[in-house]
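To start, the structure itself, in structure tokens.
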Amino acid sequence: MVCAAVFALVASLNNCTFPDYGFPGTVAGSSGASAGGNGGSGGTAVAGSGGGAAIGGGTGGTDIGDAGAAGMVGGSAGEGAAGEAGAAGSGGEPCAFPAPVVYPKHCFDKNAADGESGVDCGGGVCAPCSSNQACTQASDCLSQECAANNTCVPVISLQYTPIDTGATSPTPKFKLNITYLDTTVMSLTELTIRYYYNHKSVTEPVSGVHSQTTIDPGNMQLDISTEMLTTVHRLPMGPVDAKGLTTDSYLEIAFAVSRTVTTGTKFVINQDLMAGNGDSFDQNSHYSFTNVTGANTALTVYRKGQRIWGVEPPMALFPECAFSRGVNINGPALTVGGESLLAESQAGLTLVGTTPYSNTNKLLPTADTPTTTLLGTGRTLSTPDSIAWSVPNGKYWAYAWLTSFATADSGTLTLSGKLADKFYGTSSLSGASGARWNVIGPYQVDVTGKSLQLTVDGNVHLGGMKLYEAAQ
């Protein structure tokens, strides 16, 4: 894969480095792309202004583009913006990595100025308004609806309450009160919510814990906590945002059971985050954290992958074309998060001293069906076991699915010389027994000799691996 030319946006870059996310200047807008980690909903492509350019989209007005697989959107000169974020890499073009979007500082100063239609939103360069703030045109609003009274018509309302307001916490906690306001009926499975944070090398597995949701469609209140899916996603570190923070991770809340959601449906969600060995998180480094109760737009909400609330931080996203290959260790070929993994028998693995396992324990937290299948079988690696995976030479970002059945399942993988995060084994979570798990990474690996070498210090259960090619 060759270095992607990113036109006027990165014209001052003469050499691409690894990782290739050193984009200069400020870009107003947003990018749609597949996230790393365990898959999940793509972001939306939002128009911006000021000297940018687009890959995979049009150049007209300030419309919100569709969520794209690998597109990158920046503003065009003057008022302009881009339309749809398109798939990169088609037609023999090089794989284009989307530029992380950094909004100007005035988009976070709690004032309506500098061309904004509302407070920190709307206008030429800030993100469209999520709530019922002032607007002059549809593009000022995330809903694309500016009412006759020049106020945005919101799709939802969201009230965030921090439970633990300390600067550091072993279990960051928050509560969300969400009301669905749109007239379009949706399924609960179409709804996803993201809380963004900085991993800061806390131990794995990082998990969403104490997950609770009640739903009130207007005539009753139902506890649907057992229908919640919480997954943690981690990417290469993004650039410094206008608030001085860097972000590489998010916790995503989704729902596994289809329920009809109509206008006026209310949700109350309680969620915690926890690291593998009880490490404390630096909450002040979390993009989505605030110690004040209110309409927090630093969380995002999506319907069918389209953002309907909030402003994403600048994230170093992987486009779909960057996915190289994956393998289901000791299992059949399957698709996880929209990405195809080879069966172990197809992947060209050389195994030294590993032991196959079969896991029938409940996964903690609950996972979707493909991930449950993936982690149901795998191989246990103990010092000095090793796996050699036959892959082309090159630079990659690597992820590994790990799980644990007991506290003895603790260890640290090394991937072609790159040390992964320590994975602490535990078989309990929120009082429940089962198998803790996470997909850890990404780790920068440089494959030479056409082989990715995996060794371990300790004892880990490896369910699968996947690689993304780095921009060259």
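The table below gives the values:
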read-out: Listed residue pairs exceeding 31 Å between alpha carbons, taken from K105/K422; K304/K418; K173/K266; K304/K466; value: K105/K422; K304/K418
read-out: Sequence-distant residues sharing a close amide H with I308 (under 5 Å, placed H); value: V301, Y302, R303
read-out: Rel. contact order, % - alpha carbon contacts under 8 angstrom, at least six apart, the range 379-460; value: 50
read-out: Ranked by how many other beta carbons lie within 10 Å on average, peptides 336-343, 248-255, 313-320 from highest; value: 313-320, 248-255, 336-343
read-out: 3J(HN,Hα) from dihedral phi, the range 301-313, Karplus parametrisation 6.51/-1.76/1.60, rounded to Hz, x for glycine, proline; value: 10, 10, 10, 6, x, 9, 5, 10, 7, x, 10, 6, x
read-out: Two-site label geometry, K243 and A256: point separation in nm, points 7 Å out along Cα→Cβ; value: 3.2
read-out: Estimated inter-spin distance, D114 and T263, nm [label 7 Å along Cα→Cβ]; value: 3.6
read-out: FRET efficiency estimate (nearest 0.05) - Cβ-Cβ, T168 to S386, R0 45 angstrom; value: 0.75
read-out: Reachable aspartates and glutamates from K175, criterion Cα separation under 13 angstrom, eight or more residues apart if same chain; value: D164, D272
read-out: Ranked T373, T192, T350, criterion: other C-beta atoms within 10 Å, fewest first; value: T350, T373, T192
read-out: Over the range 282-321, relative contact order from alpha-carbon pairs under 8 Å, at least 6 apart, %; value: 27
read-out: Contour minus Cα-Cα distance for Q144 and N284 (0.36 nm per residue); value: 47.1 nm
read-out: Nitroxide proxy distance, nm - points 7 Å out along Cα→Cβ at Q221 and V292; value: 2.8
read-out: Most to least packed among 213-225, 408-420 [average Cβ atoms within 10 Å]; value: 408-420, 213-225
read-out: Interchain or long-range residues, amide H under 5 Å from T366's placed H; value: T230
read-out: Most to least packed among 135-147, 436-448 [average Cβ atoms within 10 Å]; value: 436-448, 135-147
read-out: Normalised contact order of the range 322-469, rounded percent, pairs of Cα under 8 Å and 6 or more residues apart; value: 33
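Read-outs throughout are calculated quantities, based only on the coordinates presented, and are distinct from any laboratory measurement. Treat the numbers as computed from the prediction; the structure is a model and nothing was measured. Note that each Cβ is placed from the backbone with ideal geometry, even for glycine, and that neighbours are counted across all protein chains shown.
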